[in-house]
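Below is one structure, written out as structure tokens; the observations come after it.
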Amino acid sequence: MVQVSSIHTSKELENIRYEIKNYSEIVVHQALQDYLRDNKISCYCDRCQADIIALSLNRLPPHYYVSSYGELMLKYESDPVHVMAVLLSAIQQVSDKASHS
Ligand SMILES: [Zn+2]
């Protein structure tokens, strides 16, 4: 039987069982979804939503955790009032200066 390179690659991928993730990203994504359920923003395109999330994450401390596939995610305490205040500020900034035409 001939060994093909794709088999070798998939074996290497199987060995990567851990990922470093930032829990703040999940919190900000969720906060934006919550906000958009009841409020309007000036533009809903992917670029503007990504800008809002990036601006917010720059102002919040990161909470990195190690994720193992199939393992339950470790939850950090986050202050929802503070997260929403940071998000609102980012939404305002993106609304004032849309980075696309
Ligand atoms: Zn936009």
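Bear in mind these aren't lab numbers, they're just calculated from the coordinates by the rules spelled out. Computed from a predicted model, the values in this text were never measured in an experiment. As a convention, Cβ positions derive from the backbone with ideal geometry for all residues, glycine included, and neighbour counts pool all protein chains shown.
Of note:
- Across the stretch 78-89, rounded Karplus estimates of 3J(HN,Hα) from the backbone phi angles (6.51 cos²θ - 1.76 cosθ + 1.60, θ = phi - 60°) give 10, 8, x, 5, 5, 4, 5, 5, 5, 4, 4, 4 Hz, Gly and Pro being marked x.
- At R0 = 25 Å, FRET efficiency that the Cβ-Cβ distance of residue 35 and residue 68 yields, to 0.05: 0.20
- Taking 0.36 nm per residue of separation and subtracting the current Cα-Cα distance, fully stretching the chain between residue 44 and residue 89 would add 14.6 nm.
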